[in-house]
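The values are calculated or read from the model by the stated rules, or taken from the named source; none is laboratory data. Just so it is clear, the model here is predicted, and its values are computed rather than measured. Ideal geometry is used to build each Cβ from the backbone, glycine not excepted, and the neighbour counts take in all protein chains shown.
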Amino acid sequence: MVILGLVLVLLALLLGAALIMGTAAPETVGQDIDLHVLDAVTFTLDPLSLVIAGMVVMFLLWLGLVMIKTTLARNARLRRERKSAELADRERREREEAAAAEQARDEEGERQLEERRLAEERRRAGEATATRPLGAPAPGAPADPTRPVPRRGAADETTAIPREDSRPDGREPGGPGAAPHR
């Protein structure tokens, strides 16, 4: 393709040189060419000026086509790069999510293993891991929930509420050996 391009460039240069030399001949130098643009403007050019104007127009056409081609090629390259970057980013996010899910599964498995180990230790130590049914009294609790719970090792009288008419020595007022009431 590069060789074909070089051949076309050399051919264009040879044709341009031939046109310039042909219009510089003495029999064509005195002739003028009238150009009418939209019937409003008229240009009068000699043949050499007309050939040079044609070359300038062709160069501008070529330059415009090259700019269009390079811009389209650059935009296509940028699109490909953006798509590949998005694909790489999506794959990275999927790998991170998979790693996070794997880590969560590992942590859950470790937590379950720890719970099993603790349950086994409790079972070996004789601790009861079962819970009592709702509404069932706790072991050692009175059947009546409004009664005070007795202290361990204390007699039942220690939890009883003392009456106002009793004395600290335990004798009833007005009983034998009591002082006369006035």
| said: Could you go through the stretch 34-42 and let me know if any residue there is modelled with pLDDT under 95 and touching an Asp or Glu at 6+ places or on another chain (Cβ under 8 Å). | reply: yes
| query | Scanning for something on the phi < 0 side of the Ramachandran plot, over 50 Å from the mean Cα position of the chain (by Cα) and hydrophobic (A, V, I, L, M, F, W, C), does the stretch 59-73 turn up at least one residue? | reply | yes
| query | Filtering the stretch 20-33 down to residues that are closer than 15 Å to M55 by Cβ and at pLDDT 75 or above, which residue is surrounded by the fewest Cβ atoms within 10 Å (Cβ to Cβ)? | reply | M21
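So that you can scan it fast, the table gives a plain yes or no per residue for (1) in contact with a strand residue (DSSP E or B) (Cβ under 9 Å, 6 or more places away or on another chain); (2) modelled with pLDDT of 90 or more; (3) among the small types (G, A, S):
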| position | (1), (2), (3) |
| --- | --- |
| A53 | yes, no, yes |
| A85 | no, yes, yes |
| Q103 | no, yes, no |
| R111 | no, yes, no |
| request: With respect to R74, determine if the residue is basic (K, R) and either modelled with pLDDT under 90 or more than 30 Å from V9 (Cβ to Cβ) (or both). | output: no
| Residues being surrounded by 10 or more Cβ atoms within 10 Å (Cβ to Cβ) and at pLDDT 60 or above - total across the stretch 118-142 | 8
| task | Take the residues in the stretch 36-70 that are in a strand (DSSP E or B) and without any contact (Cβ under 8 Å) to a residue 12 or more places away in the chain, then tell me which one is nearest to L19 (Cα to Cα). | result | F43
